[in-house]
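To start, the structure itself, in C-alpha cells.
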Number of protein chains: 2
Amino acid sequence: MPHHSILDILPEQLRKEAMEKIQVMRFPAGRILFSAGEHCQGLPLVLKGSVKVQMTGVSGHSIVLYRMGKDDICTLSIGCLMTGRGYRAEAVVEEEGEAAMIPRGVFDRLMDQSPEFRLGIMESYGRRLDDLMLLVEEVAFHRMDERLEEWLQARASRGVITITHQELAVELGTAREVVSRLLKELERQKMVSLSRGKIELTGLLDSSALAGA
Amino acid sequence: MPHHSILDILPEQLRKEAMEKIQVMRFPAGRILFSAGEHCQGLPLVLKGSVKVQMTGVSGHSIVLYRMGKDDICTLSIGCLMTGRGYRAEAVVEEEGEAAMIPRGVFDRLMDQSPEFRLGIMESYGRRLDDLMLLVEEVAFHRMDERLEEWLQARASRGVITITHQELAVELGTAREVVSRLLKELERQKMVSLSRGKIELTGLLDSSALAGA
DNA sequence: ATAGTTCAGTGATAAAGTCACACAGGAACA
DNA sequence: TGTTCCTGTGTGACTTTATCACTGAACTAT
C-alpha cells in the first residue's frame, strides 16, 4: 500500500500505546454514526469507506454538508468533545467501511506528542472549512439546474444512478418537487431517462458513453 | 483584565521566545487583511477589534461567511499556510483593532509545546465550523424577509444602523434589489424608516426603545 | 450652479420554493 | 389474482426570490 493511515506513520512506541486504547469498528452502509443532539462518545477516524454529514433545519428540510473519507477525522466530534455540546448534524455511512474510535485521552496525547498527527488533524479541518465555504457559495449563488447537472455528472461513474428524488433534494438542499421538475426537463432534453428510484444518464451527461466510445 | 489573550497564558519562557518573533499590528477599519487568491504571509491572531471574512462567487456576488473577534486565529490562513494555496476569501477589518502576526515556525512550536495554545486553535476551528454550518442552513432554508429582520435586530444596539443596501445584500448573500424591496415593505409596516445609507428601527424591531421605556 | 458619482426605487420577467393533490410501481397479503 | 398499502413521482397554482433594465434622488467636488 502506497498510502498509510495517519495512525501508521506514528513512531512505533506511540503507535502501540495508542492502538491498545483505540477500537476499530466496522460500519455497514446506512448505519448512523451520530444524530443531532447526541453527545460525543469518541472521535471517529475513518479508515475505509465514506460517511456523509447532513443537517436538518427547523423547517424539517435537510442538506448534505460534506463527506468524510479515508484518514478524515470527524472535526465535528472534536468540537462536541471540547465544548460538551450535542451534535448539530447527523453522520450516515454511505459506503461501508471501518473507523477507529479514538478516546479523548489518546487524542490529547497524540496531539501533544506527534507532529504528524497534528498535521493530519489540521488538514481535516482545512478540508471541512473548504467544503463548507464552497457549499455556501453554491447554495447562495448557483442555479439549481446547474447544480443538479453537476451533481449527476460527478456521480456518473456508471451510466445509472440509484437514488430517489427526495434523497437528491437533500444532496442539493432543495425541495423534492424542484428536483422532480428539473429532472423531467432534463428528460425532455434527452439528457437522462427516469424510472422509479433510478436515473440513467443518456445524452451529453453520460460520460461513461464517451469513455467507452 | 479578567480575560487574557491566548498568548498571555503561555508559560513565561515560551511566551518570551514567541513574542520576540511576533509582530503586533494595528489595523484601521476598512483595511483589507488579505484578498482572494493571495498567499498567506503569517497567521493573524486577533487581539482587539473585529474582522469580517467574505467570499465572492463566480457570478460576482459576495457573501459574509463569518466574523473573527478577540482571540480568534484565522483558521483560513492556517489552511493556506499548510497547503500553499491562495486564499479563497477576503478579510476586511470592521472595528479597528490589532492583531498578532504569528510566523509559521512560531506557530508550529506553540502547537508542539503548549496544550493551552492547541486548545485555543481547536476552539477557533470549532467556532468557524459552527458558523459555517449555521450559515448553510440559513441560506438554504430561511426566508429572506426573516433573515433581514433578524440581522437588523441583532445589530440594533442603537436605534440607527449605518449601512447601504448593497452592503446589507452582501451580509445576507442576496441582491441589492431584494434588500431594497424588503426594506421598503418594512417601512410600509412602520418597522423602519429609511434614508440614504441609514436604517432607523422604529416599530417592533426597535429594542432600544423597549430598553429605554 | 453643474457635473459626476453613488444610492435607492421599481416594473417586468424568470427561477425556485410551497402547498395540495393525483396517480403509478412494487410489496405484502388474502 | 386481485386488493391494499406504502413509497415515489408528476403537476397545477401560487408565493418568494433573483435578474435585468432603467429612473431618479442625494451627496461631492469644483
Q | Table column - 3J(HN,Hα) (Hz), region A:33-39, Karplus curve with 6.51, -1.76, 1.60, x for Gly and Pro | A | 6, 7, 10, 4, x, 5, 9
Q. What nm distances, shortest first, do you get from the label point of B:Glu146 to those in the other copies when the point sits 7 angstrom along Cα to Cβ?
A. 2.7
(Q) Can you compute the modelled spin-label distance between B:Ser35 and B:Lys48, with each label point 7 Å from Cα toward Cβ, in nm? (A) 2.9 nm
(Q) I'd like the distance separating the alpha-carbon centroids of region A:1-43 and region B:132-190, in whole Å. (A) 43 Å
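Which pairs, out of B:Lys52/B:Lys198; B:Lys70/B:Lys198; A:Lys16/B:Lys16; B:Lys21/B:Lys48, put more than 24 Å between their alpha-carbon atoms?
Values: B:Lys52/B:Lys198 20 Å; B:Lys70/B:Lys198 28 Å; A:Lys16/B:Lys16 36 Å; B:Lys21/B:Lys48 19 Å.
With Cα atoms farther than 24 Å apart: B:Lys70/B:Lys198; A:Lys16/B:Lys16.
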Q.
Please state the shape class of region B:143-212: rounded when a/c is under 1.5, otherwise prolate if a/b exceeds b/c and oblate if not, all from the C-alpha gyration tensor.
A. prolate
Q: Within 10 Å of each Cβ in peptide B:69-79, how many partner chain Cβ atoms are there on average? Round it to a whole number, please.
A: 2
**Q.** Rounded to 10°, Cα long-axis angle of helix A:144-154 versus longest principal axis of chain A
**A.** 60 degrees
Q: Would you grab the residues whose amide H sits under 5 Å from the one on A:Asp72? Only those 5+ places off in sequence or on another chain, please, with H modelled 1.01 Å from N.
A: A:Val46
Q: Place the label 7 angstrom along Cα→C-beta at B:Ser50 and in each other copy, then list the distances from the first to the rest in nm, shortest first.
A: 3.8
Q: Give me the angle, in degrees from 0 to 90, between the Cα long axis of helix B:12-21 and the longest principal axis of the Cα atoms of chain B, rounded to the nearest 10.
A: 70 degrees
Q: Just grab the label-to-label distance for A:Thr83 and B:Thr164, each label 7 Å out from Cα along the Cβ direction, in nm (one decimal).
A: 3.5 nm
(Q) What is the angle, in °, between the Cα long axis of helix B:115-141 and the longest principal axis of the Cα atoms in chain B? Nearest 10 is fine, range 0 to 90. (A) 30 degrees
Q. Can you list, shortest first in nanometers, how far A:Gln13 lies from the same residue in the other copies, with each label 7 Å from Cα toward Cβ?
A. 1.9
Q: Would you mind counting up the charge near B:Val179? Only other residues with Cβ under 13 Å from its Cβ, with Lys and Arg at +1 and Asp and Glu at -1.
A: -3
Q) How would you classify the protein assembly as shown from its alpha-carbon gyration tensor, with a ≥ b ≥ c the square roots of the eigenvalues: rounded for a/c under 1.5, else prolate if a/b is greater than b/c, otherwise oblate? A) oblate
Q) When all protein chains stay in place, what accessible area (Å², nearest 10, 1.4 Å probe) is found for A:Ile32? A) 80 Å²
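The values are calculated or read from the model by the stated rules, or taken from the named source; none is laboratory data. Here the structure is a predicted model, which is why all the values come from computation and not from measurement. So basically every Cβ, Gly included, is an ideal-geometry build from the backbone, and we count neighbours across all protein chains shown. Keep in mind that these areas ignore ligands, DNA and RNA; they rest on the heavy atoms of the full protein, side chains included. Shrake-Rupley method; radii C 1.70, N 1.55, O 1.52, S 1.80 Å.
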